[in-house]
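The structure under discussion appears below in the form of structure tokens.
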Amino acid sequence: MARVPYLTRDDLEPDDRVLLDRPANIFRALVNSPKGARAFARHGNYILSRSKLDPRLRELAIIQVGYSTNSPYEYAHHVEIGRQNGVSDDDIRAIAEESAGGKSNLGELERAVLRAAREITVDVSLSDDTFAVLEAALDSESLVDLILAISFYNGASRTLNALEIDVEDGYLHYLEEFPLPTD
């Protein structure tokens, strides 16, 4: 159970009710701070709908962040969003393989995107080698948008984990199909 109450539209001031147009648990928790929820949504909306970064690469990075932070909510939601944006089941399985130190059948750019997400998540840095691969394949705007996406979703995953936001029933099957790592 979440550490803060899940609010409904009726709990909010009239001007804040729009924040629950999507009544997902993350928003129902974040609206405990309406201004914070607005800021979170603005940044997330840019990444998901206005960024120049290829959506498949974006989702590979976000799914990797969810996997690396062991964030069931983030991971499950973005497996679904990823599938809607060209991420295949083999791509999702490759995240586990690459995370375990193996080499998947993904291309060099996709492997570098996953590596960047792991490095920024775990090492809180980005190696010169990984940056060089990304810089050779992406224009500067897409490169910055990738790093913004990875960084934002690291914050989102940590927020979800700290508040213990529950995964909605409709997303639980993703966690069974593509399990998170167990330590």
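Observations, loosely collected:
- Here the Karplus curve 6.51 cos²θ - 1.76 cosθ + 1.60, taken at θ = phi - 60°, turns the phi angles of segment 119-132 into couplings of 4, 5, 6, 8, 8, 6, 7, 9, 5, 4, 5, 5, 4, 4 Hz, with x standing for Gly and Pro.
- Choice from A137, A29, A117 with maximal GNM fluctuation in the chain (Cα, 10 Å cutoff): A137
- Here the chain is treated with +1 on each Lys and Arg Cβ and -1 on each Asp and Glu Cβ, and its dipole about the Cα centre works out to around 480 debye.
- In nm, spacing of pseudo-spin labels at D90 and R38 (7 Å Cα→C-beta vector): 4.7
- Shown in residue order for segment 166-178 are the 3J(HN,Hα) couplings computed by the Karplus curve 6.51 cos²θ - 1.76 cosθ + 1.60 at θ = phi - 60°: 6, 6, 5, 3, x, 10, 4, 5, 5, 6, 6, 6, 10 Hz (x for Gly and Pro).
- Ranked packing of 95-106, 47-58, 144-155, most packed first, by mean Cβ within 10 Å: 144-155, 47-58, 95-106
- Helix-only mean residue ellipticity at 222 nm for the chain, each DSSP H run of n ≥ 4 adding -39500 (n - 2.57), per residue, nearest 500: -18000 deg cm²/dmol
- Set against the 2.2 N^0.38 Å expectation for a compact globular protein, the chain has a Cα radius of gyration ratio of 1.04.
- Tilt relative to the chain, helix 55-68 - C-alpha long axis, 0 to 90 degrees, to 10: 80
- Helix 108-118 and the long axis of the chain differ in direction by around 50°, with both axes built from C-alpha atoms.
- The angle separating the long axis of helix 34-45 from the principal Cα axis of greatest extent in the chain is about 30 degrees.
We did not get these values from a lab; they are worked out from the coordinates using the rules stated. If you're wondering where the values come from, they're calculated on a predicted model, not measured in any experiment. A quick note on method: Cβ atoms are made from the backbone with ideal geometry, for glycine too, and the neighbour counts reach across all protein chains shown.
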